[in-house]
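Engineer: Pasting a structure here, questions to come.
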There are 2 protein chains.
Amino acid sequence: MLYHDYPGQECSIAASLEVVGERWSLLIIRDVLRGKRRFDQIQTSLGIARNVLTKRLNRLIETGILERRPYQTSPERFEYFLTEKGLDLWPVLMAYLEWGDKYCESETGPPRLIVHKDCGGEVDGRRICQKCGAHLDVREAESIPGPTPA
Amino acid sequence: MLYHDYPGQECSIAASLEVVGERWSLLIIRDVLRGKRRFDQIQTSLGIARNVLTKRLNRLIETGILERRPYQTSPERFEYFLTEKGLDLWPVLMAYLEWGDKYCESETGPPRLIVHKDCGGEVDGRRICQKCGAHLDVREAESIPGPTPA
DNA sequence: CGGGTGGGTTTCATTACGAAACCTTGATTG
DNA sequence: CAATCAAGGTTTCGTAATGAAACCCACCCG
């Protein structure tokens, strides 16, 4: 989003969007969640302009969604990790995923599936495992490629 | 978002964001869901620029999320309603709401509560009624003002 | 020494946004 | 009957964000 504020909204939806509603923010979070932790990985994966990526990363760090951790010194290099606050955005991603699967038609079925690590069952938009019925947390699920075209 | 496209992403999250990820879109949907159906109502409620609102409404109509229905002729006036596709975005709103309630601190508790119309129980981020355990649909829930400061 | 890698920063053109003014059709008011 | 108001936009224009490409820096490698 632009200017990232929605003045006078007194609404948690608007408040959330102020933080993660800007263009790219949620996709960066998705990428980090899927294990892309470095600047160039994310940049290449998204095709986002580098200056914009810098800005987004800094803002996500400021707002406590991402964390920067050095993985080498001289030259100092960092990786980005999700904090608890960031991981808690998983439900938002899952909601978008389910909606996109339903309405953003793809000939070949959903591009990615979310499965329960323990039992392999598919996870639905409520983050409930369709096989074992467990209510899942981010850490108990993973994203795998969807069915490939026949 | 800007330019509203995320080329080459093959991901339902990105696909969804292309449609509803632009600034204001989700808040317009929230407003319509809460019964604001007319241009000026939405414009006043959000404080969005009128030309931008026009653009967003048209795009939401094009993408099948909103529907325009005349409520009078000469001069013709329209109201905006959510289609099924639009109503199905409720989980996304609920996910943002829950996250915002948790992290976008408010002194006085959550600004709005979502309750199950039938039993009055609170609804959680999984859209499950905390009182009766039912898995809810948009139409079975409503948004009410949160607890007022003591 | 020349080139490559990772992670940015700078520059500049393009595009979107925000605010305010204006327009149109009809109803209301004085 | 002119003036005003309401609803729902459209136009204009200045500002801010984006995107692409170039550049920079520290180090590593051969």
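Engineer: Considering only residues that are more than 10 Å from chain A (Cβ to nearest Cβ) and buried (at least 21 other Cβ atoms within 10 Å of the Cβ), which ones fall in the stretch B:91-115?
Structural biologist: Correct list: B:ILE114 only.
Engineer: Is it the case that some residue within the stretch A:47-67 is more than 28 Å from B:MET94 (Cβ to Cβ), more than 12 Å from DNA strand C (Cβ to nearest atom) and either in a helix (DSSP H, G or I) or within 13 Å of chain B (Cβ to nearest Cβ) (or both)?
Structural biologist: Checked against the condition, which is being more than 28 Å from B:MET94 (Cβ to Cβ), more than 12 Å from DNA strand C (Cβ to nearest atom) and either in a helix (DSSP H, G or I) or within 13 Å of chain B (Cβ to nearest Cβ) (or both), the stretch A:47-67 yields at least one hit.
Engineer: If you scan the stretch A:130-149, which residues turn out to be free of Cβ contacts under 8 Å to residues at least 24 places away in the same chain and either among the small types (Gly, Ala, Ser) or buried (at least 18 other Cβ atoms within 10 Å of the Cβ) (or both)?
Structural biologist: Within the stretch A:130-149, A:GLY133, A:ALA134, A:LEU136 qualify.
Engineer: Right, something else. Somewhere in the stretch B:33-40, is a residue assigned to a helix (DSSP H, G or I) and surrounded by 12 or more Cβ atoms within 10 Å (Cβ to Cβ)?
Structural biologist: Among the residues of the stretch B:33-40, at least one is assigned to a helix (DSSP H, G or I) and surrounded by 12 or more Cβ atoms within 10 Å (Cβ to Cβ), which makes the answer yes.
Engineer: Could you tell me whether any residue of the stretch A:23-33 is of a type outside the set (Lys, Arg), in contact (Cβ under 8 Å) with a residue 40 or more places away in the chain and more than 10 Å from chain B (Cβ to nearest Cβ)?
Structural biologist: Quick first cut of the stretch A:23-33, residues of a type outside the set (Lys, Arg) only: A:24-29, A:31-33.
Next, from what is left, pick out any that are in contact (Cβ under 8 Å) with a residue 40 or more places away in the chain: A:26, A:29, A:32-33.
Filter once more, so that each one left must be more than 10 Å from chain B (Cβ to nearest Cβ): A:32-33.
The answer is yes; a qualifying residue exists.
Engineer: Which condition does B:GLY86 not pass, out of (1) within 14 Å of chain A (Cβ to nearest Cβ); (2) within 12 Å of DNA strand C (Cβ to nearest atom); (3) modelled with pLDDT of 95 or more, if it passes all the others?
Structural biologist: (2)
Engineer: Additional query: Taking B:LEU17 as the residue in question, decide whether it is in contact with a His (Cβ under 9 Å, 6 or more places away or on another chain), in a helix (DSSP H, G or I) and at the interface with chain A (Cβ under 9 Å from one of its Cβ atoms). So that I can check it myself, show each step before the final result.
Structural biologist: Numbers: in contact with a His (Cβ under 9 Å, 6 or more places away or on another chain): yes; in a helix (DSSP H, G or I): yes; at the interface with chain A (Cβ under 9 Å from one of its Cβ atoms): yes.
It is true that B:LEU17 is in contact with a His (Cβ under 9 Å, 6 or more places away or on another chain), in a helix (DSSP H, G or I) and at the interface with chain A (Cβ under 9 Å from one of its Cβ atoms).
Engineer: Another question, then. Which of the residues that make up the stretch B:23-45 are within 11 Å of DNA strand D (Cβ to nearest atom) and closer than 30 Å to A:ASP31 by Cβ? Quick ask: steps written out before the conclusion?
Structural biologist: Taking the stretch B:23-45 and keeping what is within 11 Å of DNA strand D (Cβ to nearest atom), we get B:23, B:36-44.
Listed by number, the list holds a single entry, B:ARG23.
Engineer: Any idea which residue in the stretch A:116-129 is surrounded by the most Cβ atoms within 10 Å (Cβ to Cβ), counting only those that are of a type in the set (D, E, K, R) and either under 26 Å from A:LEU53 (Cα atoms) or at the interface with chain B (Cβ under 7 Å from one of its Cβ atoms) (or both)? Working first, answer last.
Structural biologist: First, the residues of the stretch A:116-129 that are of a type in the set (D, E, K, R): A:117-118, A:122, A:124, A:126-127.
Next, from what is left, pick out any that are either under 26 Å from A:LEU53 (Cα atoms) or at the interface with chain B (Cβ under 7 Å from one of its Cβ atoms) (or both): A:126-127.
On the way: A:ARG126: 19, A:ARG127: 23.
Step by step, filter the stretch A:116-129, then rank; the result is A:ARG127.
Engineer: Examine the stretch A:24-32 for a residue that is within 18 Å of A:TYR71 (Cα to Cα) and either within 12 Å of DNA strand C (Cβ to nearest atom) or in a helix (DSSP H, G or I) (or both), and state whether such a residue exists. Break it down stepwise before answering.
Structural biologist: Let us first name the residues in the stretch A:24-32 that are within 18 Å of A:TYR71 (Cα to Cα), namely A:32.
Within this subset, residues satisfying the condition of being either within 12 Å of DNA strand C (Cβ to nearest atom) or in a helix (DSSP H, G or I) (or both) are A:32.
Yes, the stretch A:24-32 has at least one match.
Engineer: Out of the stretch A:74-131, which residues are on the phi > 0 side of the Ramachandran plot and away from DNA strand D (no atom under 16 Å from the Cβ)? So that I can check it myself, show each step before the final result.
Structural biologist: Within the stretch A:74-131, the first condition is being on the phi > 0 side of the Ramachandran plot, and the residues that meet it are A:74, A:109, A:120, A:127.
A:GLY109, A:GLY120, A:ARG127, listed by residue number.
Engineer: Sticking with this one: Spot the failing condition for B:VAL52; the list is (1) touching a Phe, Trp or Tyr at 6+ places or on another chain (Cβ under 7 Å); (2) crowded, with 18+ Cβ neighbours inside 10 Å; (3) among the aliphatic types (A, V, I, L, M), and only one is missed.
Structural biologist: (2)
The values are calculated or read from the model by the stated rules, or taken from the named source; none is laboratory data. Note that the structure is a prediction, hence the values are computed from the model and not measured. So basically every Cβ, Gly included, is an ideal-geometry build from the backbone, and we count neighbours across all protein chains shown.
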